[in-house]
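Down below is the structure, laid out as structure tokens.
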Amino acid sequence: MSRHKKIVHENEPVKFNKHSHKIQALKGFKDILPEHQKFWNFVAEKVKDTAEDYSFQKIDTPVLESALLFQRTIGEETDIVAKEMYTFTDKSGELITMRPEMTAPVARAYIEHGMISWPQPVKLWYLASLFRHENTQAGRLREHHQFGFEVLGGAEPELDAELVIVAQGLYKSFGLEPEIEINSIGCSTCRREYIKSLKKFLRDKKVCETCEGRLERNPLRVLDCKEKKCQENLVEAPQILDSLCEDCKNHFVKVLEILDDNSIGYNLNPYLVRGLDYYNRTVFEIFTKSQTEDKMALGGGGRYDYLIEQIGGRPTPAVGFAGGLERVIIKIRELGFEIKEEGHGDVFVAQLGDEARKKCMKLFNELRKHGVKTREAFNKKGLTEQLEIANRLKVKYALILGQKEIMDGTIIIRDMESGIQEIIDLEKVVPEIKRRLLGMNGLKVYSEKE
């Protein structure tokens, strides 16, 4: 018998042995279960509120983009493009990438939809899933989620400062204490002079194998290296702030002045460059405050004045920042914050018997038409079991309908907190429930729906 493995040709279905293959989520991908949704909803709501406060408009872009978009913008020598992108050739022969970040797709949309003709600057925000085939770590899976804010069409330092202020306020709204590190990496002109100085300094230094290649292709990326021996060699390296041209220096000084005026704390980090090639001038990162060296990076951003031109648009200054949802949720849970459960409803409809079930289904839909948050368990028959569900859902009232109530044309209203029950006419229950809900502080004001 041949021991050679069978060759599976393209388009040939693969046969699995159902007893030996356990189908489960791929490495680096994760289900978000019902009990965790409250954390995701909490973060998403805070992001949305912040975006509205600062007049950002929401944008969604496709998961799939041309691979060329990221090769041009992120940089072919970056780890993302060289090692981490999910890229494949589709059935029409086009090279496709599952988006690894959102700034380039937003810039592409800005060009494609003629946003340059809109009032400038254009302020956009997003919540999106991103894909990178990287080693999984805390808060960073192969599918991870980001929120982000992009301001396109404005070169003013006030916009850089505003985004730092937005970032700090947003993380504080999550209940976290953010620590901001900031730097300027200058423009293409002054950066050229700095690179000469950096290469001269590193000429006789031992760097890791990866950085040996970076020294030839993009020396600034050496500053971003996490290898211990590279970091030790950089202790006395020249600082890019000393090489800034007059325009870049004035721009950065203005950014810092605005942050100081608004009492925004920050740390100057002369070796902060960010991991993507399209950045220039202001760059910043946000960390959790920590008494140890193990700070968690929560997000970051900066200015990218050349990116839109790189992908075929007109020269357009822009600045933005993004943060990871998973990492925010990890910190919220670590700190033990109590997140209020949403969506439990105000009224639970309970029934006893087939005829009561029919009437309760009709009542359920009638309440919903009037904007009342109503919950049910029509598949349950016992009253005790239904009231236990109503209690878990933390509804304010339970409406109970049985055979006796049907005969009398009535229904029972039970206050779930006090346990007090009242009997009222079935025909009057909808206006009565609305009256009671309107009479309680802090509850939604329900209005008639057409």
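Numbers at a glance
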quantity: Residues satisfying the stated conditions in segment 49-63, i.e. in contact (Cβ under 8 Å) with a residue 60 or more places away in the chain and in a helix (DSSP H, G or I); calculated: D49, T50, A51
quantity: So P238, is it surrounded by 13 or more Cβ atoms within 10 Å (Cβ to Cβ), more than 30 Å from the chain's Cα centre (by Cα) and part of a loop (DSSP other than H, G, I, E, B); calculated: yes
quantity: Identity of the residue in segment 170-198, out of contact with any Pro (no Cβ under 6 Å at 6 or more places or on another chain) and hydroxyl-bearing (S, T, Y), that ends up surrounded by the most Cβ atoms within 10 Å (Cβ to Cβ); calculated: S184
quantity: The lone exception for G371 - which of (1) surrounded by 13 or more Cβ atoms within 10 Å (Cβ to Cβ); (2) in a helix (DSSP H, G or I) it fails; calculated: (2)
quantity: Restricting segment 91-116 to residues that are at pLDDT 95 or above, assigned to a helix (DSSP H, G or I) and of a type in the set (G, A, S), the residue that is surrounded by the fewest Cβ atoms within 10 Å (Cβ to Cβ); calculated: A109
quantity: Sole exception among (1) modelled with pLDDT under 90; (2) more than 20 Å from the chain's Cα centre (by Cα) for K295, by number; calculated: (2)
quantity: Which listed residue is surrounded by 13 or more Cβ atoms within 10 Å (Cβ to Cβ), part of a helix (DSSP H, G or I) and more than 38 Å from the chain's Cα centre (by Cα), from E326, E366, E355; calculated: E355
quantity: Residue in segment 377-394 that is closer than 18 Å to V429 by Cα, surrounded by fewer than 18 Cβ atoms within 10 Å (Cβ to Cβ) and not charged (D, E, K, R) present; calculated: no
quantity: Residues of segment 305-323 that turn out to be out of contact with any helix residue (DSSP H, G or I) (no Cβ under 7 Å at 6 or more places or on another chain), touching a residue at least 12 places away in the same chain (Cβ under 8 Å) and outside any loop (DSSP other than H, G, I, E, B), as a count; calculated: 2
quantity: Lone unmet requirement of (1) surrounded by 19 or more Cβ atoms within 10 Å (Cβ to Cβ); (2) at pLDDT below 85 for K83; calculated: (1)
quantity: Matching residues, segment 175-232, being outside any helix (DSSP H, G or I) and out of contact with any strand residue (DSSP E or B) (no Cβ under 8 Å at 6 or more places or on another chain); calculated: G175, R203, D204, K205, K206, V207, C208, N218, C225, K226, E227
quantity: Residue in segment 361-374 that is in contact with a helix residue (DSSP H, G or I) (Cβ under 8 Å, 6 or more places away or on another chain) and of a type in the set (K, R) present; calculated: no
quantity: Members of segment 381-423 that are part of a strand (DSSP E or B) and charged (D, E, K, R); calculated: R414, D415, E422
quantity: Unmet criterion (only one of (1) farther than 17 Å from E285 by Cα; (2) at pLDDT 90 or above) for G186; calculated: (1)
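Matching residues to (1) assigned to a loop (DSSP other than H, G, I, E, B); (2) at pLDDT below 95:
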| position | (1), (2) |
| --- | --- |
| E134 | yes, yes |
| H144 | no, yes |
| V151 | no, no |
| A161 | no, no |
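One line per residue, one yes/no per condition, for (1) surrounded by 15 or more Cβ atoms within 10 Å (Cβ to Cβ); (2) acidic (D, E); (3) modelled with pLDDT of 85 or more:
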| residue | (1), (2), (3) |
| --- | --- |
| L33 | no, no, yes |
| H36 | no, no, yes |
| A51 | yes, no, yes |
| Q71 | yes, no, no |
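The values are calculated or read from the model by the stated rules, or taken from the named source; none is laboratory data. None of the values given here were measured: they were computed from a predicted structure. Please note: Cβ atoms are built from the backbone with ideal geometry, for glycine as well, and neighbour counts cover all protein chains shown.
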